[in-house]
């Protein structure tokens with residue numbers, strides 16, 4: 001049976017962006033079971049107590065029948081020193097499956113891969129990407145996973161969506177990795193030179 005995960009940012013005891021995580025769970029049930037999601041994150045968390053200090057990652061593993069596991073751990077953003085572009089047209093990860101074999105197969109001990117499909121930028125193994133041009137931020141329309149943070153930032157107008165090919169990277173000055181645990185104001189800023197010059 002398929003299992004899916006939600007990774008939720010908990011700041012000073014408060015789970016963040018629950019609307020978007022619930023929306024993704026709802027869409028998962030609609031796609032794979034054609035029923036309404038029976039789980040309410042608000043109801044689940046109403047009986048839980050979280051650490052009142054610091055940043056934590058709440059990881060939920062679930063299937064179509066039940067919540068299988070809830071784990072909480074301290075979290076900090078790691079700095080990446082090297083990136084590389086890798087063409088992988090075979091990878092699909094449109095839902096947040098626990099089984100990440102295909103996407104984790106793109107691995108490198110010393111650098112973080114940015115996955116390219118048909119010449120277009122998608123995501124890293126664990127984060128969406130946003131690219132800076134002037135005062136504006138753009139995210140690839142050719143994403144692998146439409147992450148909760150990505151959806152939120154698009155709705156708020158903080159980022160815009162467009163096609164970004166490998167040859168387009170020269171048009172941008174910087175980029176960031178974003179996901180549920182890394183909002184843009186906390187995500188590390190990287191020079192585009194790390195991509196266009198290797």
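Each value in this text was obtained by applying a stated rule to the coordinates, not by laboratory testing. From a predicted model like this one, the values you see are computed outputs, not experimental measurements.
Mind listing P(r) for the chain? All alpha-carbon pairs, 5 Å bins, whole percents.
In order of increasing distance, the bins hold 1, 7, 15, 19, 20, 16, 12, 7, 3, 1, 0 percent.
Which angle from 0 to 90°, rounded to the nearest 10, does the C-alpha axis of helix 18-32 make with the longest principal axis of the chain?
So the inclination is approximately 90 degrees.
Take every Cα-Cα distance within the stretch 136-198, group them into 5 Å bins from 0 onward, and report for each bin the whole-number percent of pairs it holds.
3, 17, 27, 27, 19, 5, 0
If you bin every alpha carbon distance in the stretch 83-196 into 10 Å steps from zero, what whole percent lands in each bin?
14, 51, 32, 3
With runs of 4+ DSSP H residues as the only contributors, calculate the mean residue ellipticity of the chain at 222 nm using -39,500 (n - 2.57) per run, divided by the residue total and rounded to the nearest 500. Walk me through the intermediate numbers first.
Working: 5 runs with 38 residues, N = 198.
Result for the chain: -5000 deg cm²/dmol, rounded to the nearest 500.
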